[in-house]
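Visitor: Would you mind keeping the following structure in view while I ask a few things?
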Amino acid sequence: MKVLKNEPLKNHTSFRVGGPASAYVIPEDADELKKLIIFLYKEKLSYRILGNGTNLLVSDEGVPGVVIELRSGLDGLELLDDRRDGSIRIQAMAGTLLSRTALYAYEHGLAGMEALRGIPGTVGGAVTMNAGAYGTEMRDVLESCEVITREGQVKTLPLEALELGYRHSIIPESGLIVLSAVFRLRKGDPEEILKEMQEYQRRRAEKQPLDKASAGSTFKRPEGHFAGQLIEESGLRGYRHNGAVVSEKHCGFIVNEGSATASDIYALIQEVRTKVLEHTGVELTPEVKMWGSF
Ligand SMILES: Cc1cc2nc3c(=O)[nH]c(=O)nc-3n(C[C@H](O)[C@H](O)[C@H](O)COP(=O)(O)OP(=O)(O)OC[C@H]3O[C@@H](n4cnc5c(N)ncnc54)[C@H](O)[C@@H]3O)c2cc1C
């Protein structure tokens, strides 16, 4: 199994920050992953799962223990059977990019994933976060998913068992690892599917700072509000902490202008939360997952 010692995580996160992982392991397939989990369980060693690192803020000191990267080893897509109700299913391995999965659906004339095309995570990360955009979330297309338990057992869980809510699932708290996911889609007109995907991409490019290092929306959407709007109303457009900046283009995004450290980004997150609370009375909660100590 490929194991890298003291691998800098800034090379694997979209914020482009983060210190080293003591051991960075890249299993080549599901079998290797299963053996690894059984080994770590027996040795009582802790580990973290890394998808495409697009929703992570890793501290500058890095993280002790093992980081398991699923992006390259668990990559693959398969078309499953047609169903009597007219739906068709796709199975995607956890490390497959969600964008590639949506394009695969389009190539097979399958509708349902158009709005998910622009989310830059893996299928495993997207299921874990119940990622979503423009009114579609993972729970709208997911049928079931295969997971590995802490003890190394492989199980198939139906959608209901995952308790997907707004950017939430039971996966992290249950210590599960997503191995693969089955999506239920419907036949559609390829031209229409492509047109919709392009429209969503256009809206994304128009509104979001896609040319800058970020982790997407930094904060969850507070009920009845939009985080970006509250931040803007609080006068924080362009507000900075060294190289970490509230995006001029979309206030809901904190971006790394190039020189930011994880501490800068964290400090800015806290300052924004304090100022928004003072100004609007609304408490913002980070959507971005944090690894290490801050
Ligand atoms: C420019 C940009 C735009 C974005 N737009 C959106 C958007 O529109 N909608 C949206 O919801 N998000 C968006 N995001 C955030 C991010 O892409 C999603 O949260 C995505 O689902 C994260 O997937 P990942 O593979 O990168 O996960 P990572 O960032 O690697 O991990 C996120 C969490 O999931 C866990 N995890 C990852 N894979 C697995 C697995 N196989 N099994 C168990 N746990 C796992 C990790 O341990 C971690 O806790 C955006 C990010 C960027 C940078």
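Coordinate-derived values only; no laboratory data. Note that the structure is predicted; figures quoted are calculated from it, not measured. Heads up, the Cβs are rebuilt from the backbone with ideal geometry, glycines too, and the neighbour counts pull from every protein chain shown.
Visitor: Please list, in order, the residues from segment 256-284 whose amide nitrogen is less than 16 Å from a point placed 7 Å along the Cα→Cβ vector of R16.
Guide: Within reach of a label on R16, which here means backbone N under 16 Å from a point 7 Å along Cα→Cβ, segment 256-284 contributes 256-265.
Visitor: Suppose a student asked you for the relative contact order of segment 1-138, using Cα pairs under 8 Å spaced at least 6 residues apart; what percent would you report? Working shown, then result.
Guide: Numbers: 273 pairs, mean separation 27.7, N = 138.
That works out to 20 percent.
Visitor: Further, regarding this structure: Can you give the relative contact order of segment 149-270 as a percent, counting alpha carbon pairs under 8 Å and 6+ residues apart? Walk me through the numbers before you get to the answer.
Guide: Working: 118 pairs, mean separation 22.2, N = 122.
Dividing the mean separation by the residue count of segment 149-270 yields 18 percent.
Visitor: Enumerate the amide H contacts of L179 below 5 Å, restricted to partners 5 or more residues apart or on another chain; note that Pro and chain-start residues carry no placed amide H.
Guide: Close amide H contacts, sequence-distant or interchain: E146, V147, I148.
Visitor: For E173 and R84 in the same chain, what is the full-extension length gain: residue separation times 0.36 nm, less their Cα-Cα distance, in nm? Could the numbers behind the result be given before it?
Guide: Working: separation 89, 0.36 × 89 = 32.04 nm, distance 3.60 nm.
That pair, E173 and R84, stretches by 28.4 nm at full extension.
Visitor: What whole-number distance in Å separates the alpha-carbon centres of segment 125-147 and segment 22-52?
Guide: 23 Å
Visitor: Which shape class applies to segment 209-281: rounded if a/c is under 1.5, otherwise prolate when a/b exceeds b/c and oblate if not, where a ≥ b ≥ c are the square roots of the Cα gyration tensor eigenvalues?
Guide: Numbers: a/c = 1.91, a/b = 1.47, b/c = 1.30.
Judged from the Cα gyration tensor, segment 209-281 comes out prolate (a/c at least 1.5, a/b above b/c).
Visitor: Treating only the Cβ atoms of Lys and Arg (+1) and Asp and Glu (-1) as charged, compute the dipole magnitude of the chain about its Cα centre; round to the nearest 20 debye.
Guide: Values: 36 positive and 41 negative charges, 75 e Å.
Using Cβ point charges on Lys, Arg, Asp and Glu, the chain gives about 360 debye.
Visitor: Based on the mean of other Cβ atoms within 10 Å per residue, sort peptides 91-104, 116-129 so the most packed one is first.
Guide: Working: 91-104: 22.9, 116-129: 26.6.
By packing density, highest mean first, the sequence is 116-129, 91-104.
Visitor: Could you check the simple spin-label distance between L277 and I38, using points 7 Å along Cα→Cβ, in nm with one decimal?
Guide: 4.8 nm
Visitor: Between Y134 and L4, what is 0.36 nm times their sequence separation minus the Cα-Cα distance? Round to one decimal in nm.
Guide: Working: separation 130, 0.36 × 130 = 46.80 nm, distance 3.82 nm.
Taking 0.36 nm per residue and subtracting the Cα distance, the gain is 43.0 nm.
Visitor: Work from the charge dipole of the chain (Cβ charges, +1 for Lys and Arg, -1 for Asp and Glu, about the Cα centre) and give the residue of P190, L98, Y134 farthest towards its positive end.
Guide: Ranked along the dipole, the leading option is L98.
Visitor: What is the magnitude of the charge dipole of segment 2-69 about its Cα centre, with +1 placed on the Cβ of each Lys and Arg, -1 on the Cβ of each Asp and Glu, and no other charges, expressed in debye to the nearest 20?
Guide: Values: 9 positive and 9 negative charges, 26 e Å.
It works out to roughly 120 debye.
Visitor: Could you run the Karplus curve 6.51 cos²θ - 1.76 cosθ + 1.60 with θ = phi - 60° over segment 247-263 and give me ³J(HN,Hα) per residue in whole Hz, x for Gly and Pro?
Guide: In residue order, the calculated couplings are 3, 5, 7, 8, 5, x, 9, 9, 10, 9, 6, x, 9, 5, 9, 5, 5 Hz.
Visitor: How big is the Rg/Rh ratio for segment 112-199, C-alpha atoms only, Rh by Kirkwood, two decimals?
Guide: Working: Rg = 13.8 Å, Rh = 13.6 Å.
Ratio value, two decimals: 1.01.
Visitor: Tell me, what is the percent relative contact order of the chain, built from C-alpha pairs under 8 Å that lie six or more residues apart? Spell out each step's value before the answer.
Guide: On the way: 660 pairs, mean separation 52.7, N = 294.
It rounds to 18 percent for the chain.
Visitor: How much length would be gained if the chain were fully extended between E143 and K155, taking 0.36 nm per residue of separation minus their Cα-Cα distance, in nm to one decimal?
Guide: Numbers: separation 12, 0.36 × 12 = 4.32 nm, distance 1.41 nm.
Here the segment from E143 to K155 would lengthen by 2.9 nm.
Visitor: Charges at C-beta only: +1 for Lys and Arg, -1 for Asp and Glu. How large is the resulting dipole of segment 77-207 about its Cα centre, in Debye rounded to 20?
Guide: Details: 17 positive and 20 negative charges, 55 e Å.
For segment 77-207, the charge dipole is close to 260 debye.
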